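**Q** So that we are looking at the same thing, I have put the structure below in structure tokens.
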Amino acid sequence: MTLGDWRSAITALVDAGDRPVVGASIRAGALFDTGAAVACRWQLAPQSGSRLVRELERVAQAAGGIDRGAPVVDIAGNRIAASMLADLAGATPCTDHPCRIVRLGTDPDHADLRIDAAPVWRRAEPGDDPVLAALLADDLAAWSRACVGW
């Protein structure tokens, strides 16, 4: 699977519909809808591909490193094509307007909305945050209505 495959699949899904689509993504998910003709985008803590790859390399390093010559690498039990990692390294989120960027806590990057909450993806153990989920759902719903009039 390549980054281009993912992007093509998302574009095809958006193109197959007969209604406006709001693209909603979390973190590196913002790297995958860049070619899709969505009505607008809502992104929670979007990150660049280079940042994602650095994080994946840190995880792999803790488990013994990455075999740079292998066509497929194993990172925390996930098999990822080396070509996918290479594609991700240069990928950036789409910021075509209208695009709403939501960030948590002290994240210093640009944000249209900042919510004082800890990033759930940094927890040592899985869990949920119903208050945060409700805030994000309400903001996404309001943004969708503003973009496409739902």
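**Q** Scan the stretch 99-150 for residues that are under 18 Å from P20 (Cβ atoms) and touching a helix residue (DSSP H, G or I) at 6+ places or on another chain (Cβ under 6 Å) and jot them down.
**A** Residues satisfying the conditions are R100, W150.
**Q** Turning to a different aspect of this structure: Looking at the stretch 67-85, is at least one residue in contact (Cβ under 8 Å) with a residue 24 or more places away in the chain, over 25 Å from V21 (Cα atoms) and in contact with a Phe, Trp or Tyr (Cβ under 9 Å, 6 or more places away or on another chain)?
**A** From the stretch 67-85, those in contact (Cβ under 8 Å) with a residue 24 or more places away in the chain are 80-81, 83-85; that's our starting set.
Imposing the further condition that a residue be over 25 Å from V21 (Cα atoms) reduces the set to 80-81, 83-85.
Pick out the ones that are also in contact with a Phe, Trp or Tyr (Cβ under 9 Å, 6 or more places away or on another chain) and you get 84.
Scanning the stretch 67-85 turns up at least one residue that is in contact (Cβ under 8 Å) with a residue 24 or more places away in the chain, over 25 Å from V21 (Cα atoms) and in contact with a Phe, Trp or Tyr (Cβ under 9 Å, 6 or more places away or on another chain).
**Q** Now for a different question. Under 9 Å between Cβ atoms, which residue pairs at least 6 apart in sequence (or on different chains) link something in the stretch 95-108 that is free of Cβ contacts under 8 Å to residues at least 40 places away in the same chain and within 21 Å of V131 (Cβ to Cβ) with a partner that is assigned to a strand (DSSP E or B) and hydrophobic (A, V, I, L, M, F, W, C)?
**A** Qualifying pairs under 9 Å: G105/I115.
**Q** Would you call A111 more than 18 Å from the chain's Cα centre (by Cα) and over 18 Å from R7 (Cα atoms)?
**A** no
**Q** With the requirement that a residue be among the small types (G, A, S) and touching a residue at least 12 places away in the same chain (Cβ under 8 Å), what does the stretch 122-145 give you?
**A** Answer for the stretch 122-145, where residues must be among the small types (G, A, S) and touching a residue at least 12 places away in the same chain (Cβ under 8 Å): just S144.
**Q** Restricting to strands (runs of 3 or more DSSP E) lying wholly in the stretch 27-96: which have 1 or more residues that are buried (at least 19 other Cβ atoms within 10 Å of the Cβ)?
**A** Numbers: elements: 40-44, 72-75, 78-81.
By residue number, 40-44, 72-75.
**Q** Which residue is nearest to A86 (Cα to Cα), if the candidates are limited to the stretch 1-26 and must be in contact with a Ser or Thr (Cβ under 7 Å, 6 or more places away or on another chain) and surrounded by 15 or more Cβ atoms within 10 Å (Cβ to Cβ)?
**A** Step one: filter the stretch 1-26 for residues in contact with a Ser or Thr (Cβ under 7 Å, 6 or more places away or on another chain), giving 2, 7, 22.
Filter once more, so that each one left must be surrounded by 15 or more Cβ atoms within 10 Å (Cβ to Cβ): 7, 22.
Details: R7: 15, V22: 28 Å.
Going through the qualifying residues, I end up with R7.
**Q** Now, a different point. How many of the residues in the stretch 5-26 are assigned to a strand (DSSP E or B) and either over 25 Å from L104 (Cβ atoms) or of a type in the set (A, V, I, L, M) (or both)? Step through it out loud before you land on a result.
**A** First, the residues of the stretch 5-26 that are assigned to a strand (DSSP E or B): 22-26.
Okay, now just the ones that are also either over 25 Å from L104 (Cβ atoms) or of a type in the set (A, V, I, L, M) (or both), so 22, 24, 26.
Qualifying residue count, the stretch 5-26: 3.
Any read-out appearing in this document is the output of simple, stated calculations on the displayed coordinates, not a laboratory observation. From a predicted model like this one, the values you see are computed outputs, not experimental measurements. Neighbour counts are summed over all protein chains in view; Cβ atoms, including those assigned to glycine, are modelled from backbone coordinates with ideal geometry.
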